[in-house]
């Protein structure tokens, strides 16, 4: 599932319910998952990490995505290009529509690829406040969905321009309640099915992390989050993510998303 996948970087074009029918929570979650992200994309991003003393670390990374065809799932490849202590680190995701997704982390200091097990999906992604699951996606059937609160179907989100936009308040609960973050409550825009805010709850049902969007623009007709933040209130840390440039439909092929390509590192 792609509710918070790809760092919530690649987001959907406008999709409207046919005939104006009322959507169920599962319908909303599917609309988020099935959003239009183009055939593929190439992006350059900046990540800034804040520790509990407000000290910062800057990182630069590239992101490639490829929409799956037929029985093949989506593909994603991230490479860090700066600073030197993380340069060359890569993360590869192969989505399998009828099976468990595969995630691989390449650490140049070790010179090998490590498979990220499903039990590690909610662990921190290379020291950031985002998890592997936030980036690489989550399985739709691992969660149950419900509208959260009496006004959940008539919620709103005030964007950077100060305009309130209609939204759904969607609760996603992990069927396996023993995971680190078994529940999240998201705001999903009604006109585009973009996730613009999410509260992430830990096993004690405390709201530990919050995802917020600061900037959205249409790029090549696809609504794209250009700036977002994930904060961890209990750890008092924060990660900012910004897109410096992005292109859709650039003609990427599956051979750009192999383990060999992951290990090849920065060329």
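What is region 171-239 by shape, rounded, prolate or oblate, if you read a ≥ b ≥ c off the alpha carbon gyration tensor as root eigenvalues and call it rounded for a/c under 1.5, prolate for a/b larger than b/c, and oblate otherwise? It is oblate, given that a/c is not under 1.5 and a/b is not larger than b/c.
With a Förster radius of 51 Å applied to the C-beta separation of residue 255 and residue 176, the computed FRET efficiency comes to 0.90. Classify region 219-267 from the C-alpha gyration tensor, please: rounded if a/c falls under 1.5, else prolate or oblate depending on whether a/b exceeds b/c. Oblate shape, in that a/c is at least 1.5 and b/c is the bigger or equal ratio. Estimated purely from DSSP H runs of n ≥ 4, each contributing -39500 (n - 2.57), the mean residue ellipticity at 222 nm for the chain is -2000 deg cm²/dmol once divided by its residues. As a rough footprinting exposure proxy, the listed residues 64, 92 were ranked by other beta carbons within 10 Å of their own, and the order from fewest upward is 64, 92.
If the Kirkwood radius is taken over C-alpha pairs of region 54-122, then at 20 °C and 1.002 mPa s the Stokes-Einstein diffusion coefficient equals 159 µm²/s. When 201, 80 are sorted by how many other C-beta atoms sit within 10 angstrom of their C-beta, beginning with the fewest, the order is 201, 80. Remark: the chain projects, on average over all directions, an area of 14.5 nm² (convex hull of Cα atoms). A straight chain from residue 191 to residue 109 at 0.36 nm per residue would run longer than the Cα-Cα distance by 25.0 nm. With the cut-off at 1.5 for a/c, could you classify region 103-160 from its C-alpha gyration tensor as rounded, prolate or oblate? Prolate is the answer for region 103-160, as a/c is 1.5 or above and a/b outweighs b/c. Structure remark: mean-square fluctuation, Gaussian network model of the chain, C-alpha springs under 10 Å; the largest value among 236, 30, 87 belongs to 236. If R0 is 25 Å, the Cβ-Cβ spacing of residue 34 and residue 62 corresponds to a FRET efficiency of close to 0.50.
Our note on the geometry: Cα centres of region 96-130 and region 53-73, 12 Å apart. Compare 34, 255, 199 in a GNM of the chain, Cα atoms joined below 10 Å, and give the one with the largest fluctuation. Result: 255 has the largest fluctuation of those listed.
Throughout, read-outs are computed from the coordinates displayed, never taken from laboratory work. Predicted model only: the values in this text are computed from it and were never measured. So basically every Cβ, Gly included, is an ideal-geometry build from the backbone, and we count neighbours across all protein chains shown.
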